[in-house]
1. Considering A:PRO113, A:PRO126, A:PRO144, which residue is within 13 Å of chain B (Cβ to nearest Cβ), within 29 Å of A:LEU54 (Cβ to Cβ) and over 20 Å from the mean Cα position of the chain (by Cα)?
2. Condition first: surrounded by 19 or more Cβ atoms within 10 Å (Cβ to Cβ) and part of a helix (DSSP H, G or I). Can you find one or more residues in the stretch A:28-40 that meet it?
3. Yes or no: the stretch B:167-179 includes at least one residue that is in the same structural domain as B:LYS228 (by TED's automatic domain parsing), surrounded by fewer than 14 Cβ atoms within 10 Å (Cβ to Cβ) and hydroxyl-bearing (Ser, Thr, Tyr).
4. Since A:ILE224 meets every condition but one in (1) within 12 Å of chain B (Cβ to nearest Cβ); (2) hydrophobic (A, V, I, L, M, F, W, C); (3) over 18 Å from A:SER68 (Cβ atoms), which condition does it not meet?
5. What are the residues in the stretch B:126-146 that are under 18 Å from A:ILE10 (Cβ atoms) and touching a residue at least 24 places away in the same chain (Cβ under 8 Å), if any?
6. Considering only residues of the stretch A:148-204 that are free of Cβ contacts under 8 Å to residues at least 60 places away in the same chain and small (Gly, Ala, Ser), which is surrounded by the most Cβ atoms within 10 Å (Cβ to Cβ)?
7. Kindly provide the set of residues from the stretch A:63-84 that are more than 10 Å from every other protein chain (Cβ to nearest Cβ) and without any contact (Cβ under 8 Å) to a residue 24 or more places away in the chain, ordered by number.
8. Any idea which of A:VAL12, A:VAL51 is surrounded by 13 or more Cβ atoms within 10 Å (Cβ to Cβ), in contact with a helix residue (DSSP H, G or I) (Cβ under 8 Å, 6 or more places away or on another chain) and within 11 Å of chain B (Cβ to nearest Cβ)?
Amino acid sequence: MSALLVIIIIGVLITLIIESLPSIKALGIGFLWGKVWDPVQNIYGAYPFLVGTLLTSFIALIISIPFSYAISIYLGEYNPKGWLSDLLKNTIELIAAVPSIIYGFWGLFVLVPLVRTLEMKIGVAPYGIGVFTSSLILAVMIIPYASSLGITLIRMTPSPLKEAAYGLGATRYEVIRKVIMPYTRSGLFAGILLSLGRALGETMAVTMLIGNTSAVADSIKNAIFGPGNTMASVIANEFTEADHTEYLSALIELGLVLFFVTVVINLIGKRIITKFTNN
Amino acid sequence: MEAKIGFRNTKSVIFKSIVVFFAFVITLPLIIILIYIIKQGITQVNWHFLTNVPAPVGEKGGGILNALWGSFLMVMVAAVVAIPVGMMAGIYLSENSRTRLAYYSGLCVDILQGVPSIVVGIVVYFWIVKPLGTFSALSGSFALAIMMLPIVIRSTEQTLRLLPDSLKEAALSLGVPYHRVILKVIVPCGFAGILSGITLSIARVIGETAPLLFTAFGNPYLSSSLTKPMESLPHLIFTYATSPYDDWHNLAWGASFILLMFVLILNIVTKVITRKWKVQL
């Protein structure tokens, strides 16, 4: 049964490669930076989706980092036990439990009008939906992944190290800054990698909020606040509409790229964690 | 010197306040979302809503029976496939952690855990939907089963690994054959941990939409046939939420409320199990 897993993974890989062969053959490596995605004219370029995916994920990551660090430090160091800590920890786990479709639905009806008002204030086209809105929701969704790991790792800091620092007269802040942070740095980084992996592959909430346009934005401002598309969202939207082989296989090639990227990111993350916990 | 330590202490206090602020502020979106969904959804839910299929646009009423039944059926089938396979794989991994096969399958569990659900959908489309020539509930279940596997495997493996070796050794020394030791001693001892893994995996896949888009697809009518398209709660929410009709939005709010309640209850059950038997996940 254990071997079955290896078979599933190899099967996934082979299926993706075989089904994307037509587009790999027809378009070659240029697929990745082709700027035009126009199924009607049979032109396929993945660049808009690569940019969209990276942009949403990184904005989400940047928004989420202060929160996940704060949660890790608070629950790992300041308040590791007690009802308040349990309550907060369970609440954060619930964030991960809410289905992404519900985040998307809520975002569409509550967050989009809010962002629209914000966009009018700062003077960009008030779409409401778009890359920025998706990133906001994504940021909330990925926080539990980085922080649950961070809590465990910060608690693993050996107390002799901390006690030695207190003994030298360090304040709480200095202990965290100079002892705990350097000690757990690689582990916290791994947590962020894992949440990045989540963000890259997240489909439903992003599909509902990003606006789904395959055109490349003309300025950075429009790229962030305007509508876009990610690899996952374009697959979700167009897969069942793809009416000829090349179109379909171009979409699958996107899936293949997504698969590779998330696998690499996850494996690096896990590798760092294993290394950290073994030491 | 006095002033300096005062400054350092102030910095420490300020830092702590910032940390506390950020740590608690993040619960706000969750609370707002929960309250919003409950407020919008609870007015929709009544007996009629739970026992009828969606009404066409323009007609009043209608419910989500088809999606409830479909979600239930597909998750059940997925669980029937994933639980035995996952448990067996988990037992293997905990019993033989040093073999090469265990190393590679452990690696594959990690990979599978990180595979975006939409990719699972694509692959199952080519494995089942295309050969059968139609979208089907069976393929949806299969996709969900793949999503469940890593959670069941990891929880089984980790629970069993925590059991003391003396348990197994005591049974073996009494002359009990190996397979009976596993079935009658090891698995019952780790039962709570395995069970919490199962409830957690069900909570995770019941809200999955992306793998169902190209597999179970959706169906506005009540259907029990595994070889036909079938509606599910998350898919119904997706289709109706992105539709332009207010009646359909209300239906989707109701469905979101039900789905959210399922997920919350399953998570609480998992918490209770882990609390009661003190298992670590």
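The values are calculated or read from the model by the stated rules, or taken from the named source; none is laboratory data. Here the structure is a predicted model, which means the values were calculated and not measured. Every residue, glycine as well, gets a Cβ built from its backbone with ideal geometry; the counts of neighbours run over all protein chains shown.
1. A:PRO113
2. yes
3. The answer is yes, given that some residue of the stretch B:167-179 is in the same structural domain as B:LYS228 (by TED's automatic domain parsing), surrounded by fewer than 14 Cβ atoms within 10 Å (Cβ to Cβ) and hydroxyl-bearing (Ser, Thr, Tyr).
4. (1)
5. The answer is B:ILE128, B:PHE142, B:ALA143, B:ALA145, B:ILE146.
6. Among those that are free of Cβ contacts under 8 Å to residues at least 60 places away in the same chain and small (Gly, Ala, Ser), it is A:SER148.
7. Answer for the stretch A:63-84, where residues must be more than 10 Å from every other protein chain (Cβ to nearest Cβ) and without any contact (Cβ under 8 Å) to a residue 24 or more places away in the chain: A:LYS81, A:GLY82, A:TRP83.
8. A:VAL12
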